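The structure is given below, and queries will be raised subsequently.
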Amino acid sequence: MRKFLTVILWALGSMAVLGLVTLPISLDTQLIAGLSVLIAMMILKLVRPDGIWRLIALAFGTAIVMRYVYWRTTSTLPPLNQPENFIPGFLLYLAELYSVMMLALSLFVVAQPLPPRPSRANSNDRHPTVDVFIPTYNEEPELLANTMAAAKGMDYPQDRVTIWLLDDGGTVQKRNSEKIADANKAERRHAELRKLAEDLGVRYLTRERNEHAKAGNMNNGLQHSTGELIAVFDADHAPARDFLKETVGYFDEDPRLFLVQTPHFFLNPDPVERNLRTFEKMPSENEMFYGIIQRGLDKWNASFFCGSAAVLRRQALLETNGFSGVSITEDCETAVELHSRGWNSVYVDKPLIAGLQPATFASFIGQRSRWAQGMMQILRFRFPPLKRGLSFPQRLCYMSSTLFWLFPFPRTIFLFAPLFYLFFDLQIFTASGGEFMAYTLAYMIVNLMMQNYLYGAFRWPWVSELYEYVQTVHLLPAVVSVILNPSKPTFKVTAKDESIDKSRLSEISRPFFVIFALLLVGVAMTVYKVYAEPYKADVTLVVGGWNLLNLIMAGCALGVVSERGEKAATRRVKVSRRCDFELNGKWLQATIENVSANGARVQVIDAELEDLAKDARAGIRFKTFAVGAEGILPVTIRNFERTSDGIAVGCLYMPEKAEHHRLVADLIFANSKQWEQFQLSRRGNPGLLRGTAWFLRLAIFQTYRGLVYLLRDWRGTGRIAPVAQTTGQRS
Amino acid sequence: MIVRGVLAVLLLATSSAFADAPSPFNMSTEKPAAAPAQPEPGSATVQPAPAPGATKPAPAPAAQPAQTPAAPAPASAQPAVVAAQPTPTQAISRRYLLPFENMVFSGESTQRAWTLYLTPEQASSRASLNLGYQNAVIVAPESSRLRLTINGKAVVDIPIASSDNPSALKFPVPAGLLHAGMNEVAVSAVQRHRTDCTIESTYELWTQIDSASTYLSFEDPEAGRWRRIEDVRAIGADAKGSTTFNLIVPAMEQTGSAAPLVRLAEALALMANMPNQSFEISEQARGMPRPGAVNVVVGSASEIAEKLEKLPEGAQVSPTSAIVDDPKLGPSTVVITGPNWQAVEQAIEDIARPVDRPVASQRVVLATRNWRLPETPMVLAARHLKFSDLGVSTQEFSGRRLRTEFNVGIPSDFYANAYGQAMILLDAAYSQDVLPGSHIDIYVNDNIAATVPITTSGGEILRHLPIKVTMRHFRPGDNSVAIEAVLLTQADATCAPGATGLQDKRFVLFDSSELVMPDFARIGRTPNLSAVSGTGFPYNRADYSLPLIFERTQPEAMSAATTLMAQMSVAAGRLIPVDTAVSPAAVMDRNAVFVGAIPTVPSAVLAELGITSNVASKWGEAVASNQPNTDTTFDEWRQKLRGSGWRGQVSSFEDWMNRTFNISMNSFRLLPGRDPDFTPSNGSTLLVAQKKSPTGEGSWTLVTAPSPATLQQGMRTLAQQDVWRQLGGRIATIDGASSKVAQVPVSSFEFVETEPFSLQNYRLIIANWLSANALAYALVLICLSIALGLATARLLGSLGRKQ
């Protein structure tokens, strides 16, 4: 009853606001109202941007957005009898409506993200049996060894957990391939992995045929295992020691729970972060998703399976005959299916695995194409908004998650709309300069402020736009193709361990330069028009400003597609761990300062420079997190330098036995706290103004860098060290 | 003799009023702000005459020797020299053509049409048309033409070539062209500059038709003699464009006579329906009738017996109304009489009933035919109006500034001036000669309301191009909407000799264009004098007789009250019943109209209407003088010094902000303050004030002046259509010297419900109120958003997972 009253009250409030914003008020009133609301939002932002105040500020913003939509709908569409204006004008209108709808859905999803749950690490009195699946297709054995070793090192009774390496690269089908080279390769892989798994105490499993890709592989695993729960890790996602402790407990609290999902934390930057050098200072792209959106989805019991770093209940999976494989994003699809059958999900906001993400722009785009196409397939085959069994909030949440991937369409329209006016004189948005000031400008500022309110610490201003733009160029054809032919796309494994040894342009960078040139011509056209046609300078300036914004974005993207040469394949994580360093048979006291997937930097006290030599063998002895264990990890020395406390030595792991992999895993992955700290160090809301200024500086520099790369590419040289690598030299 | 003197003063005042006041035909006030008022230096204009009528010599009376036009006249119309001073008989066989004094045609293409009501005798008489006009020196005769048509047939079609002296021409009217009842007269002037091709030069083109020497003269000396009461409709105007009813009422001071007299005046006013009508009530005759003036004798048979040589038949027996020829009062004297006052009232009622309109029936048009055709359509709700129905025909145009006007009628409870937007769907085309930078402007009541720039070169056909027109400048009653196309071409920029007269069509406006009026908020407000001016609101729709309070012993006050009520009835389009036998104390909760010189107005009424209480002793002490008004002069200087230097740049941005957003301090006010008491300036001769009645829902209006004489004279000025339409605000004063109306704007008002409740209407009313009170909107929006935020917080607290 109380709940009903609350809903009625809210509905009345909404109706009142809706009634007020759809009044046909005058332009000056709109201007004053818009300014007042902006000022109110700013004051709220400075005073208290959280809790109930955040919701009030969002209500302010919503009012202005709704006024904009009302005005846009009632008085800006070109007349129907001018089809040359109306058709592009209407497309632009639809694109804007899509943006507003997505804003509304996001508002719903992240209206009140669930606060982090208290840890369940110490409340496990029962230990259900767990099967850990590590599906693999073509990853390198070293990488798999780390993952398996880390999985093996998880803090859980050894008899209650079984690790499975599910190898799809060594199936009978592959080994009997008609191409003899492929067959031999598969045979070798099969034998090598089998041996490695055995050494690490992991069960190796492969199958007859490569059917249904990853979903089929895992379903095969399901058939051969019996555990109550299934934990899934991608081949390059290594769990921390406390992964199972933190997640398994929830399954006893709720018998209808099918999923506990945890965030994906990446040790290496994505190509955007790498090329723009923002990995260390700015929150990663996926932190918005895992830090806010999944928490928001969790509020509505709609957080979904992301393919890895999650625990699932076998009983639930059996109900749907395992993982669903209709789409190429089997993870989300499985979650939709189980949610619709009344199962629940939980999201634990604590990084418990560390993984790798695509390093080159091309593979990044490949991964995103798969997500976009998969989500389109889910939209097409499952259609969450009308799927029976889902609750209303869940429908909205899945709508938000799937429709998001339509963004290439509006992005494209926003990109080219100003050019229609600048080049062809089409009037696709009928508004005067004053109206533009009072409505559109207010809407744009409010929109940015709302984004800042929603995601402030997780997403800096304009970064979402940049990511959407760089994906749009190649995602648009991918999305169009999946819409035309929904069953065509097939699962392609994303390569994540590539490295770029020298600076070059991405192989798919050409369209970005073409678009940039086109927009640049648009700017020139703006200048020409302002002088040649002064009687419509106001409109030209407004449209030219819009085009300039696009140009800044496109310029920044030039930097994104200019791949920097990197020495280290993976980033280093700061640690601080006592160890002993073996040098020529002597044991010296030392501290491990940072580690990566391939090597570590050790601060050795009391060492002499002359003792050290490049490529010399050495060893690191340290205590592992598993109680009482200690081991020696063989390394080779790559470089060294004197510091105030001794000598800093950069070394490369030389794992020879399974035991060594365990030590490497323990060094990098065992302690999930360090990842959290790293993430927290990047979080910070620069605010709208500072963020915008920062982005502008970044964009100008990246435009320059992109053009320099282009010039070098034309000259056919790629050997010179890239510009501005001075700050980024790492060993 | 005293009366003559007053009349002379009055006429002088009127003519000077036309010289200074922005009359509806004086295009000089309608220039867009950008157009400089001065012609370019070095341009070939001979005479810098920015405002026609202001600097040129007064139009010569018909008595002056007239002159044959310089250019050869067309064969159909042989101009002739006109005879001098009319004799009395000639006077009544003459029908002045113009409904008001100065008719000026300015710009390159202007037209105007109206109707002329003729009696059967006039229609059947042979007639000729006399035309007097003068034009600006820079009008090129070879490419400028003046045309006058009657009932669609051209009577005058001459080159415009009378720049030196006014010419007075005579044209025969073809037999059978005129008919009894309404005849349509249309005048159009196409004018081109002799040498100048600029847009500015088009503002210097003018041709003025002289009202005194433009008339139909009938060969039949008896043609002007009336035979029946309906012939009152043919009263027309005098040489100065005014219409006067002299009511001769021997018993005017009797209690019972006032209300019937007012009713008679209202009926006569509705019948004649001329733009400038006034009533003079006296006990004595005032002289012989002339065109545009009539003597009306009202009273019981015994009372009027001595005024007339001979009573009409039946006067002693039954209610009688008749037209008589009287040696003392002249021909065509209207007599309304009966054995007693009941019978007189009955006779008045017989005249009044056919012209009345029931309160429930809505007007489709405003009756403006006697000064403007087509009649203004009333727009009460959402409606599409085709230009062809509004009197705008398809026009091909070869000049540089095409201006065409139409009128729409707005109800008095119109309340959309803050938010409303009408739309014009324009069908037009321009040729490839027209350069970008040309524009099409829309003016509402001479205020710019929209501008559409032409941005493409190479010509274009505009099909139903939507143009949003702000309704800010609409007001109750009829409103003029002007469409002005300003066309630039390369040929004009070069301006080779003879280029001004080129006939290449550049622009065409199609009559399939439409004016789209949306549904607008409708609620009456009080005080709102513009509603009185527009439709006589709120007095046009009360269900009781309107208390009309004036000093009965003063003929001037009575004349003023009658003129006011007659004018209000014309605005309302129906008779407004009045009750003259109430005391001010009895109307505290009702509508009431007070008319009287300031000493006779009760001080309680003055206080109620927000006028300083001691005004009675001070106002009018100094006689209206021609001393310049400080405010006006200051404004002129500010205007003059605007736009130079960097301060000019700043203020031009300010101007842009003001033009675009119309934001003033009023936008930021939350609660209206109390209006300060008003003290009329000594230069003003008439004051009109309105306020809600002390109790109840009524609305009080006061018309007052320093003295009875100024009251009557001021009321006569006010009753002129163009002055009357300037009425507005809560208090309006008329400047005695210039006839300019000054308004005190309404700051606090109360709503008067006029429509049955509907959600849609209330939504629009709220929209308008909030648009006028921007800060209130912002506050309400913020409050509601906070409420929504709180409700959302509660909702989120009770829905979904909490932990």
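The values are calculated or read from the model by the stated rules, or taken from the named source; none is laboratory data. All of these numbers come straight from a predicted model, not from anything done at the bench. All Cβ positions, even for glycine, are placed from backbone atoms using ideal geometry, and neighbour counts span all protein chains on display.
Table: residues versus (1) within 7 Å of another protein chain (Cβ to nearest Cβ); (2) touching a residue at least 12 places away in the same chain (Cβ under 8 Å); (3) out of contact with any Asp or Glu (no Cβ under 9 Å at 6 or more places or on another chain).
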{"residue": "B:772", "(1), (2), (3)": "no, yes, yes"}
{"residue": "B:775", "(1), (2), (3)": "yes, yes, yes"}
{"residue": "B:778", "(1), (2), (3)": "yes, no, yes"}
{"residue": "B:781", "(1), (2), (3)": "yes, no, yes"}
{"residue": "B:785", "(1), (2), (3)": "yes, no, yes"}
{"residue": "B:792", "(1), (2), (3)": "yes, no, yes"}
{"residue": "B:797", "(1), (2), (3)": "no, no, yes"}
{"residue": "B:801", "(1), (2), (3)": "yes, no, no"}
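Out of (1) of a type in the set (A, V, I, L, M); (2) more than 7 Å from chain A (Cβ to nearest Cβ); (3) surrounded by fewer than 20 Cβ atoms within 10 Å (Cβ to Cβ), the odd one out for residue B:764 is which?
Of everything listed in (1) of a type in the set (A, V, I, L, M); (2) more than 7 Å from chain A (Cβ to nearest Cβ); (3) surrounded by fewer than 20 Cβ atoms within 10 Å (Cβ to Cβ), residue B:764 misses just condition (3).
Let's see how each residue does on (1) surrounded by 22 or more Cβ atoms within 10 Å (Cβ to Cβ); (2) touching a helix residue (DSSP H, G or I) at 6+ places or on another chain (Cβ under 7 Å):
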residue: B:336; (1), (2): yes, yes
residue: B:344; (1), (2): yes, yes
residue: B:348; (1), (2): yes, yes
residue: B:353; (1), (2): no, no
residue: B:358; (1), (2): no, no
residue: B:364; (1), (2): no, no
residue: B:372; (1), (2): yes, no
residue: B:375; (1), (2): no, no
residue: B:378; (1), (2): no, no
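The rows are residues; the columns are (1) of a type outside the set (A, V, I, L, M); (2) surrounded by fewer than 21 Cβ atoms within 10 Å (Cβ to Cβ); (3) at pLDDT 90 or above.
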| residue | (1), (2), (3) |
| --- | --- |
| A:153 | yes, no, no |
| A:167 | yes, no, yes |
| A:173 | yes, yes, yes |
| A:181 | no, yes, yes |
| A:185 | yes, yes, yes |
| A:190 | yes, yes, yes |
| A:195 | yes, yes, yes |
| A:198 | yes, yes, yes |
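Would you mind stating whether residue A:201 is of a type outside the set (A, V, I, L, M) and either in contact (Cβ under 8 Å) with a residue 40 or more places away in the chain or in the same structural domain as residue A:662 (by TED's automatic domain parsing) (or both)?
Values: of a type outside the set (A, V, I, L, M): yes; either in contact (Cβ under 8 Å) with a residue 40 or more places away in the chain or in the same structural domain as residue A:662 (by TED's automatic domain parsing) (or both): yes.
Yes, satisfied.
Next question, about the same structure. Find the strands (runs of 3 or more DSSP E) located wholly in the range A:294-406 whose residues include 1 or more that are aromatic (Phe, Trp, Tyr) and in contact with a Pro (Cβ under 9 Å, 6 or more places away or on another chain), and list them. Outline the logic, then answer.
Working: elements: A:310-313, A:344-347, A:353-355.
Here the list reads A:344-347.
What are the pairs, 6+ residues apart or on separate chains, where a residue within the range B:359-387 that is closer than 24 Å to residue B:512 by Cβ has its Cβ under 6 Å from a residue that is polar (S, T, N, Q) and part of a loop (DSSP other than H, G, I, E, B)?
The qualifying pairs are B:375/B:368; B:376/B:368; B:387/B:513.
Is it the case that residue A:111 is part of a loop (DSSP other than H, G, I, E, B), closer than 30 Å to residue A:455 by Cα and among the hydrophobic types (A, V, I, L, M, F, W, C)? Please lay out each step first, then the result.
Numbers: part of a loop (DSSP other than H, G, I, E, B): yes; closer than 30 Å to residue A:455 by Cα: yes; among the hydrophobic types (A, V, I, L, M, F, W, C): yes.
Yes: the conditions hold for residue A:111.
Give me a count of the residues in the range B:556-575 that are modelled with pLDDT of 95 or more and either surrounded by fewer than 24 Cβ atoms within 10 Å (Cβ to Cβ) or of a type in the set (Lys, Arg) (or both).
Of the residues in the range B:556-575, 0 are modelled with pLDDT of 95 or more and either surrounded by fewer than 24 Cβ atoms within 10 Å (Cβ to Cβ) or of a type in the set (Lys, Arg) (or both).
Could you check the range A:98-143 and list, in sequence order, the residues that are of a type in the set (S, T, N, Q) and either within 14 Å of chain B (Cβ to nearest Cβ) or touching a strand residue (DSSP E or B) at 6+ places or on another chain (Cβ under 9 Å) (or both)? Full working, then the answer.
Kept after step one, since they are of a type in the set (S, T, N, Q), are these residues of the range A:98-143: A:99, A:106, A:112, A:119, A:122-124, A:129, A:136, A:138.
The answer is A:112, A:119, A:129, A:136.
With a cut-off of at least 2 residues that are farther than 29 Å from residue A:277 by Cα, name the strands (runs of 3 or more DSSP E) lying wholly within the range A:562-671. Lay out the reasoning, then the answer.
Values: elements: A:573-583, A:586-595, A:599-604, A:617-623, A:630-642, A:647-653.
Fully inside the range A:562-671 and qualifying: A:573-583, A:586-595, A:617-623, A:630-642.
Within the range B:393-512, considering only strands (runs of 3 or more DSSP E) that don't extend past its boundaries, which have at least 2 residues that are surrounded by 21 or more Cβ atoms within 10 Å (Cβ to Cβ)? Walk me through how you get there before you give the answer.
Details: elements: B:395-397, B:401-410, B:421-430, B:439-444, B:447-453, B:460-470, B:477-486, B:507-509.
Those strands (runs of 3 or more DSSP E) span B:401-410, B:421-430, B:439-444, B:460-470, B:477-486, B:507-509.
Residue pairs, Cβ under 7 Å, 6 or more apart or interchain, first in the range A:17-45 and under 21 Å from residue A:73 (Cβ atoms), second assigned to a helix (DSSP H, G or I) and acidic (Asp, Glu). List them.
As it stands, the answer is A:27/A:435, since those pairs meet every condition given.
Are any residues in the range B:134-183 surrounded by fewer than 16 Cβ atoms within 10 Å (Cβ to Cβ), out of contact with any helix residue (DSSP H, G or I) (no Cβ under 8 Å at 6 or more places or on another chain) and of a type in the set (Asp, Glu), and if so, which ones?
Of everything in the range B:134-183, just one residue is surrounded by fewer than 16 Cβ atoms within 10 Å (Cβ to Cβ), out of contact with any helix residue (DSSP H, G or I) (no Cβ under 8 Å at 6 or more places or on another chain) and of a type in the set (Asp, Glu), namely B:164.
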